[in-house]
Every structure is written in structure tokens, then in C-alpha cells.
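A short worksheet on the structure shown next.
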Amino acid sequence: MRIVSDPKQMQSLARRWRAAGDTIALVPTMGALHRGHESLLTTARQRATRVVASIYVNPTQFAPHEDLAKYPRDLKADAKICRRANIDVLFHPANLYTADHSTWVEESSLSQDLCGRTRPGHFRGVTTVVLILLNIVQPDLAFFGQKDAQQVAVITRMVRDLYVMTKIISLPTVRDEDGLAFSSRNRFLTVAQRTNAQVLPQLLHLAVAQKNPVLWFQRELKRRPGLQLDYVKKFNGHLCAAVWVGTTRLIDNVPCPA
Ligand code: AMP
């Protein structure tokens, strides 16, 4: 496995692969890799002859008050996981934006509600960085997790609208034994908070069996200690929720019939 940090070098490597007839897969991440990321890497490995994992904590998708500075970073552990998944390149740029960067990609429909409402500008940062990564790596396939249901919907829309020649593949959410979806932010939780957080997937699963899943979830969450509701909404055939556990914001979703 090679670690490449220069975007131009990554781009010319990808161009050579493409000329040689390779199928290229990209798995974009912000690092602090866990079993959710690993499932994307493993599937990408099975579906392409060249696999690139990108690790880049994208500053433009964080608002000034958000957790950019304290977002977990552990390149050594991440490289070990990438090696185990037998990928070809770990793309780890120091920065993807020039000092006078002034071009943005904005999806203006699916990105407006849910996380887009709580985190204004978040999806503009996401779509911009994902298009940058797609232009650098030129992948045939790019893998995303259904855990970020709105993100994958927004990216799929962007790729469709802008005629990007990459197929977006969404993979199921990977959960820990207690049902909590793996997330890089789980490491911020104390033991007590972790116990409280387990309720999130449980309530989502119970809610979708109710007559009014949104109302039911709102009511139930109020009774739970240590959890504060950001939102719960139906979106794209899923019941999606964001919940604060102390100062950590977790998101999750489960399939939900319309
Ligand atoms: P992140 O590093 O959090 O930006 O996530 C990188 C990719 O991994 C995104 O496509 C996420 O949706 C995906 N991902 C994160 N957590 C999980 C999980 N628990 N199961 C499956 N995919 C995940």
C-alpha cells in the first residue's frame, strides 16, 4: 500500500491506472477508521482492481463552532486498517483547497432539511470536497455508508445532476454489538453516555412499527436521560434522527415504509 499526499501525484497515478484498463474504487473518509469504514473498504476491494481510501478531515463541512479541531485523527491506526483491507493507495492530503479557493458545489433540495438545517453550509462542504476527490481519483465506483443517509442521497443527486462518471454505491450501516452504529465520534462518549446512546437505534427500530413514528420517537426520547433530540424525520424511505449525547451529536437511521 502506498500513502500519497500530493493531489497531483494521486491524479496522475489514477490516470495511469485508467489508461491501463483498471477499475478504480474510491472510499472517502475522514479517518479514525472503524468497522463501518472497513466494510466499505472490503467491498471496494472485491469490486475494483484499484482501491483508494481517502482520509481528509474536510474543514469546509464544519461550522466555526463545531468539532473540527477535536475531530479524532490517528493516521497510524488508520494505515494499519487500510493495509489489512489490502487497498492500493491511502490518499492523505494535507490540504485540498488553494488559499484563494472560490468554487463551491451546492445541492439545493435534498440538502436543505435534517442535518442541513442544523448544520448550515455542511453539505456545501461535503459536495465540494467529494467532487474534488472524484476529480482527483476519477473512480468508476465510490462507496458511502447508509448511516449518513442524507449525505449519500445528496451525493447521488450531485453525481446525477453534474453528469459525473462515477457510480455511487451505498452500503448498509455497520453496528456494534450493542446496536450503536459505528462512528468516529463514538470515542468521545463516556461509559455512561455510551449506555444512554444505545437507546438511539433501539428507539428508531421501535418507532417504525408505530402509527406515527416521528411523534412516537419525539415523545419517547424526552423520557430518556442524557439524550437531547436534534431532529427525527422521514427521509428517502428511512426514519432518520440526530441526537445529542452530552456534547457529542450522533446520527442514525433505519428503513421506514412511507
Ligand atoms: P466519515 O469518516 O464519518 O466521514 O465516514 C466515511 C464513510 O463511512 C461515509 O460514507 C459514512 O457514511 C461511512 N460510515 C460511517 N459510519 C458507518 C457505519 N457505521 N456503517 C457503514 N458506513 C459508515
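Matching residues to (1) part of a helix (DSSP H, G or I); (2) within 30 Å of Arg224 (Cα to Cα):
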| residue | (1), (2) |
| --- | --- |
| Ile132 | yes, no |
| Pro139 | no, no |
| Lys147 | yes, yes |
| Ser170 | no, no |
| Gly179 | no, yes |
| Gln193 | yes, yes |
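If I filter segment 102-117 for residues that are outside any loop (DSSP other than H, G, I, E, B) and either β-branched (Val, Ile, Thr) or over 19 Å from the mean Cα position of the chain (by Cα) (or both), do I get at least one hit? Scanning segment 102-117 turns up no residue that is outside any loop (DSSP other than H, G, I, E, B) and either β-branched (Val, Ile, Thr) or over 19 Å from the mean Cα position of the chain (by Cα) (or both). The residue that is surrounded by the most Cβ atoms within 10 Å (Cβ to Cβ), counting only those in segment 219-236 that are touching a helix residue (DSSP H, G or I) at 6+ places or on another chain (Cβ under 9 Å) and over 15 Å from Arg117 (Cβ atoms), is Leu227.
All of (1) within 30 Å of Arg224 (Cβ to Cβ); (2) away from the ligand (no atom under 13 Å from the Cβ) hold for Leu162 with one exception: (1). Right, Arg185: in a helix (DSSP H, G or I), open to solvent by 50 Å² or more (accessible area, probe 1.4 Å) and farther than 30 Å from Ala20 by Cβ or not? Criteria not met by Arg185.
Checked against (1) closer than 30 Å to Trp17 by Cβ; (2) assigned to a loop (DSSP other than H, G, I, E, B); (3) polar (S, T, N, Q), Gln210 meets all criteria but (1). Selection of first residues in segment 145-166 that are in contact (Cβ under 8 Å) with a residue 12 or more places away in the chain and of second residues that are within 10 Å of the ligand (Cβ to nearest atom) and open to solvent by 70 Å² or more (accessible area, probe 1.4 Å), restricted to Cβ pairs under 9 Å at least 6 apart or on distinct chains, gives the following pairs, ordered by first then second residue: Gly145/Pro172; Gln146/Pro172; Lys147/Pro172.
Here is a yes/no grid of residues against (1) near the ligand (Cβ under 10 Å from one of its atoms); (2) in contact with a Leu (Cβ under 9 Å, 6 or more places away or on another chain):
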{"residue": "Ile136", "(1), (2)": "no, yes"}
{"residue": "Phe143", "(1), (2)": "yes, yes"}
{"residue": "Gln151", "(1), (2)": "yes, no"}
{"residue": "Arg157", "(1), (2)": "no, yes"}
{"residue": "Thr166", "(1), (2)": "no, yes"}
{"residue": "Ser170", "(1), (2)": "yes, no"}
{"residue": "Glu177", "(1), (2)": "no, no"}
{"residue": "Leu180", "(1), (2)": "yes, yes"}
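Identification of strands (runs of 3 or more DSSP E) wholly contained in segment 1-60 with 2 or more residues that are in contact with a strand residue (DSSP E or B) (Cβ under 6 Å, 6 or more places away or on another chain) and near the ligand (Cβ under 9 Å from one of its atoms) yields 24-29.
The values are calculated or read from the model by the stated rules, or taken from the named source; none is laboratory data. Because the structure is predicted, anything quoted here is derived from the model rather than measured. Ideal geometry is used to build each Cβ from the backbone, glycine not excepted, and the neighbour counts take in all protein chains shown. The area values use the complete protein model at the heavy-atom level, side chains included, leaving out ligands, DNA and RNA. Shrake-Rupley method; radii C 1.70, N 1.55, O 1.52, S 1.80 Å.
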